[in-house]
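The values are calculated or read from the model by the stated rules, or taken from the named source; none is laboratory data. What you are looking at is a predicted structure, and each value in this text was computed from that prediction instead of being measured. Positions of Cβ are generated from backbone atoms using ideal geometry, with glycine treated the same way; all protein chains shown enter the neighbour counts.
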Amino acid sequence: MDTVLTATNLRKVYGSRGNLYAALNSIDLEIEKGEFTAIMGPSGAGKTTLLNIISTIDFPTSGTVMVDGQNISKMNENELSDFRRKKLGFIFQDFNLLDTLTVKENIILPLTLSSVKHTDIERKLNEVSEMLGIKDILQKYPMEISGGQKQRTAAARAVINNPALILADEPTGALDSRSSADLLGCLENLNKTNNSTILMVTHDAFAASYCKRIIFIKDGVLFTELYRSGTRKEFFQKILDVLKTLGGDNSDII
Amino acid sequence: MILFNLAFKNIRRNFYSYFMYFLSMVFSILIYYTFVSIKYSQYALELAGLSTKIDASMGGASIVMIIFSAIFIWYSNSFFTKKRKKEFGLYSMMGVKRRQIGRMFFYENVLMGVLAVIGGIFFGVLLSKLFTMMLMKLMGYNIAVSFVISKEAIFDTLKVFSVLFFVAALQGYYIIYRYKLIDLFKAESKAEKEPKANPFLAVLSVIMVATSYVTAHTLFFMSPIIGMLVTLFLAISGTYVFFSVFMVFLMKISKKNKKRYYKSTKMIATTNLLFRIKNNSRTLATIAVLSATALTAIGFSYSYYYNILPQAKLTNPFSVSYKYQGEEFNRQVKEIIEKNGQKTVFDKKISIINIDADIPAIKNLPSEIYGDGQKRVSVISQSQFNQIAEKIFPGEQVYLDGYTNVIVCDNSYSTVFTEKYEKEILELTNGDEKKELRIYAIKIIQPISTFFSYLPVIVSDDLYRELRHFGDEQNIQCYELNKPLEAGNIIDDIRKILPENVYLGQYYNYYVSLKEAFGVMIFISAFLGIVFLIATGTIIYFKQLTEANEDWRRYVILKNIGVSKKQLKKIISGQMKTIFAVPLIVGLTHASFALAILVRVLGVTLIKPIIMTFTAYTLIYVLFYFLTVSSYTKIVLSHRN
Ligand SMILES: Nc1ncnc2c1ncn2[C@@H]1O[C@H](COP(=O)(O)OP(=O)(O)OP(=O)(O)O)[C@@H](O)[C@H]1O
Ligand SMILES: [Mg+2]
């Protein structure tokens, strides 16, 4: 199998002289093509920091990140923009949809920015909106749809350009349990049928149970890993066990 | 006192958005101070006989400034209050009483006002000498102006703007006091829905504006008052509908072409602009109308100023002319001219024949209306006219022959306001003897001073000889100086030796008084125009920056999904281009049509001064554009996630 993401010896230090704080401490990580991975850990563990570095939105203090064979630490601003647009798809906790664009326009935005032919755009749109069950709301504005629909729109936008890696930071964070299940079902479906590689940060053991692999981090270092085996129920139970030993902030875990 | 401190801190925190407003207020106060200080100033009074005129015009200008400042302050004030509703709501939540918030906002306004007035007067005092010198220069005076602090002007400015700011502060207090807590939070959570555009209204707006251009040139000349009202109504309401409907309509159409719309950043740019135009259409239309007004006013006075000399020469073509008084007198005049260090570039005795005449096709002869009421013409031979034309009206030479065709010189002729009589019959009479001639053409020039002639008629040399017995021939001595605009002393000296009942024809004094009048006018209109321009530019500026502060998330989203900085800048500058260019272009177009009427009325070409005015205006707008784009980009890029 191809490796999509390789992170070696990642460190991220915040603060300045005398008041340094290492949010990430020598993290090594590898993700293969077609994996559906969750990152879990207590609050302040460094999950968002890690995801932001992989997203190229933030930069590591030291260490390298390779995505799809390209070393992103060596890229300049312009190359990074290009890279983000072509190789990565994002799903954010607060959706990040543009309220001046319709659902359809939001979804096809990455393609228009890459100047894809408009007939191809329509074809791709058809595919992903079908897959995510948002065909009926394409002409609506974000103001007019529910949170779950918004997040599925964001997911559609994230996958429409066939990115090498889809990154999601607490995608279910702002959704109720019904919408969460819907979205996770969609992601699982994407992963299965499209062989999309998905990396998702979550607090929620239920959300994590949809994944094939879970990486636990604590205080900026890798704590342990879990691979899915058996049913989702069994996996869910295992996750809860690990979280118990992990300690820390478990308040929002079921 | 605590509230006062909080108010002070607020100003400092909000200074960025208040800064441009503050600057334009300082500028307005500075201009107001300049107007009143000139009104009260000594130099103006020293120019005897002129002072009242300056007084009145500066007084009028300062009143326009007061009205405009009042509107500007009111607009900005309600804008800032609305913008800060949420902040006030937060104070309310923290338990600050509404009355206290109102008072805090009141103090803020008062403090702003005090600072602006101090700044305005400070720079006013500093620059008043420069501005007064500018005015003197425009009026054609070379007077050394000394630096004077006018106490009356300072007091006047203080009085007027204290009242304005105090009322504004009360208004702010009132707005806050009236709000309900829930309203304070609603301010910014406006639901953005795609604006609708009625195609019928869109087309109507264009038709209205186009019709106003037509009525300006047709109806106006039939009935000026009704024409003006209809034109203004159509143009102004058409402009408002144009911005609120037509612009939206246009952009929605541009969305239809998927091939173009889905290309690169086009989609984001178009939709952003669509919402921006929708939210700003009234402001943009107001700015277009204001720009048109300012441009017309400046263009008008500048054109007039530019045409003072031809205007002055329209009644008196020569530096010096008088009824021939013999060679000895001429010698004395030439001596005076030489003594004053000048030379003549034209020095001739011109003869004319005054003859009773009529043009049956029209009611009154032009010279009858503007002259001494007699139906007479002054005939001049073609060869003499051409000698004058060669020096005074280059390119106006005529070639007549035969005994019927003549050319009339009518300085008041206008193709729109006066009766037309081209190609009509001119009847000359001498007792019982009659002669019919045909008016071949009409020239809007005056070859001989109106003091000495009736309606000038150019005839062929042969016809001239034949007409000698039709009336009395007169000789006019005419001089043109090499420095005609420095003829003051020469004219005074010649007056001294001229017999009392003999007129002296000259354009210098008329030129000077026109220059004085229009110097004041252009000074006022230029300053008022600049104030308008800066105020409108400022309004666009702070509205856009407020939107940048509200919309930065959109740009962060774009950045996150891989839009490069360069593309972001392109999107921003593209939007701003439209926001600035459309009101400017509409304003320029309106003003062009308004000024075109002027061109027709005055019968002169004003292309050069008008282009210069338009260019200057555009340049300042471009400056505002760059300023806004750079601030906008800075705000947007300063946010990371
Ligand atoms: N910009 C910053 N400056 C300084 N410290 C920061 C910054 N961003 C994050 N940190 C610190 O780094 C650590 C890791 O933060 P991070 O946001 O990655 O945690 P997280 O695992 O995503 O937590 P949560 O589950 O609450 O979202 C935290 O202790 C945080 O305080
Ligand atoms: Mg986080």
* Restricting the range A:32-45 to residues that are outside any strand (DSSP E or B) and more than 16 Å from ligand 2 (Cβ to nearest atom), the residue that is surrounded by the most Cβ atoms within 10 Å (Cβ to Cβ) -> A:GLU35
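Residues checked against (1) within 14 Å of chain A (Cβ to nearest Cβ); (2) under 26 Å from the mean Cα position of the chain (by Cα); (3) surrounded by 16 or more Cβ atoms within 10 Å (Cβ to Cβ):
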residue: B:THR538; (1), (2), (3): no, yes, yes
residue: B:ASN560; (1), (2), (3): yes, no, yes
residue: B:ALA581; (1), (2), (3): no, yes, no
residue: B:VAL586; (1), (2), (3): no, yes, yes
residue: B:SER630; (1), (2), (3): no, no, no
residue: B:LYS634; (1), (2), (3): no, no, no
* Asked: Of all residues in the range A:51-70 being among the hydrophobic types (A, V, I, L, M, F, W, C) and modelled with pLDDT of 90 or more, which is nearest to ligand 2 (Cβ to nearest atom)?
  -> A:LEU51
* Structure fact -> Within the range A:1-42, restricting to residues that are aliphatic (A, V, I, L, M) and more than 16 Å from ligand 1 (Cβ to nearest atom), the one that is modelled with the lowest pLDDT is A:MET1
* Asked: Looking at B:PHE22, is it at pLDDT 70 or above, under 14 Å from B:PHE161 (Cβ atoms) and surrounded by 22 or more Cβ atoms within 10 Å (Cβ to Cβ)?
  -> no
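Let's see how each residue does on (1) over 27 Å from A:THR6 (Cα atoms); (2) within 16 Å of ligand 1 (Cβ to nearest atom); (3) more than 14 Å from chain B (Cβ to nearest Cβ); (4) assigned to a strand (DSSP E or B):
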position	(1), (2), (3), (4)
A:ILE121	yes, no, no, no
A:PRO163	no, no, no, no
A:ILE166	no, no, no, yes
A:SER180	yes, no, yes, no
A:GLU188	no, no, yes, no
* Does the range B:240-252 contain at least one residue that is within 14 Å of another protein chain (Cβ to nearest Cβ), surrounded by fewer than 18 Cβ atoms within 10 Å (Cβ to Cβ) and assigned to a helix (DSSP H, G or I)? -> yes
* To do: Output the number of the condition that A:THR48 fails; it satisfies all remaining conditions of (1) within 16 Å of ligand 2 (Cβ to nearest atom); (2) among the hydroxyl-bearing types (Ser, Thr, Tyr); (3) farther than 23 Å from A:LEU243 by Cβ.
  => (3)
* Residue check for A:PHE90: within 10 Å of another protein chain (Cβ to nearest Cβ), assigned to a strand (DSSP E or B) and touching a helix residue (DSSP H, G or I) at 6+ places or on another chain (Cβ under 9 Å) -> yes
* Being closer than 15 Å to B:PHE318 by Cα and among the acidic types (Asp, Glu) is the filter here, so list the residues in the range B:340-359 that pass it. => B:ASP347
* Sole residue being away from chain A (no Cβ under 14 Å) and either part of a loop (DSSP other than H, G, I, E, B) or at pLDDT below 90 (or both), chosen from B:GLU480, B:GLU550, B:GLU473 -> B:GLU473
* May I ask you to list pairs of residues, at least six apart or on different chains, whose Cβ atoms are under 6 Å apart, with the first in the range B:620-632 being more than 22 Å from B:ASN549 (Cβ to Cβ) and in the same structural domain as B:PHE580 (by TED's automatic domain parsing) and the second being surrounded by 15 or more Cβ atoms within 10 Å (Cβ to Cβ) and at pLDDT below 90? => B:ILE620/B:LEU533
* **Filter pass, A:LYS104 being among the basic types (Lys, Arg), in contact (Cβ under 8 Å) with a residue 12 or more places away in the chain and more than 10 Å from every other protein chain (Cβ to nearest Cβ)** => yes
* Structure fact -> Per the filter on the range A:126-152, residues more than 17 Å from A:LEU184 (Cβ to Cβ), basic (Lys, Arg) and within 14 Å of chain B (Cβ to nearest Cβ) are A:LYS140
* To do: Sort out which residues of the range A:56-82 are within 16 Å of ligand 1 (Cβ to nearest atom), surrounded by fewer than 20 Cβ atoms within 10 Å (Cβ to Cβ) and in a loop (DSSP other than H, G, I, E, B), and write them in order of number.
  => A:ILE57, A:ASP58, A:PHE59, A:THR61
* Asked: Looking at (1) closer than 25 Å to A:LYS33 by Cβ; (2) surrounded by fewer than 23 Cβ atoms within 10 Å (Cβ to Cβ); (3) modelled with pLDDT of 90 or more; (4) more than 16 Å from ligand 2 (Cβ to nearest atom), can you tell me which one A:ALA154 breaks?
  -> (2)
* Asked: (1) touching a Phe, Trp or Tyr at 6+ places or on another chain (Cβ under 9 Å); (2) more than 14 Å from B:PRO366 (Cα to Cα): which one isn't true of B:THR450, the others all being true?
  -> (2)
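Taking B:THR271, is it surrounded by fewer than 20 Cβ atoms within 10 Å (Cβ to Cβ) and polar (S, T, N, Q)?
Considered against the rule, which asks whether it is surrounded by fewer than 20 Cβ atoms within 10 Å (Cβ to Cβ) and polar (S, T, N, Q), B:THR271 comes out as no.
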* To do: Those residues that are surrounded by 21 or more Cβ atoms within 10 Å (Cβ to Cβ) and touching a strand residue (DSSP E or B) at 6+ places or on another chain (Cβ under 9 Å), I need them from the range B:303-340; list them, please.
  => B:ASN316, B:PRO317, B:PHE318, B:SER319, B:VAL320, B:SER321, B:TYR322, B:VAL333, B:ILE337
